[in-house]
Amino acid sequence: MIRILSALLLLGFAASPALAATQEQMEANKKTVWSLYDAAFNKKDMALARTFMGPHYKQHNPMAKDDIEG
């Protein structure tokens, strides 16, 4: 789970501003990523963290399981 959240966080902060339609959208995206990070790592509230994720996560690490088990 930590790997999934770390990857999402990295993607959120590493994304080029050109990927966001507007500066406002980029700021909204940053806020969403921060909220996920805060819920998962600071508050340890996995139920809240899951609200930021889709129902099916495809794990790209062959040694880890897909979805929430990964």
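How much length is gained on full extension from MET53 to ALA21, taking 0.36 nm per residue of separation minus their Cα-Cα distance? Write down the numbers at each step before the final one.
On the way: separation 32, 0.36 × 32 = 11.52 nm, distance 2.14 nm.
Here the segment from MET53 to ALA21 would lengthen by 9.4 nm.
Estimate the FRET efficiency between LYS43 and ASP66 by the formula 1/(1 + (r/R0)^6), using the beta-carbon distance for r and 22 Å for R0, to the nearest 0.05. Walk me through the numbers on the way to the answer.
On the way: r = 25 Å, r/R0 = 1.13.
Once the sixth-power term is evaluated, E becomes 0.30.
Read-outs: derived from the displayed coordinates by stated rules, not from any lab. Note that the structure is a prediction, hence the values are computed from the model and not measured. Quick reminder, even Gly has a Cβ in these numbers, built from the backbone with ideal geometry, and neighbours come from all protein chains shown.
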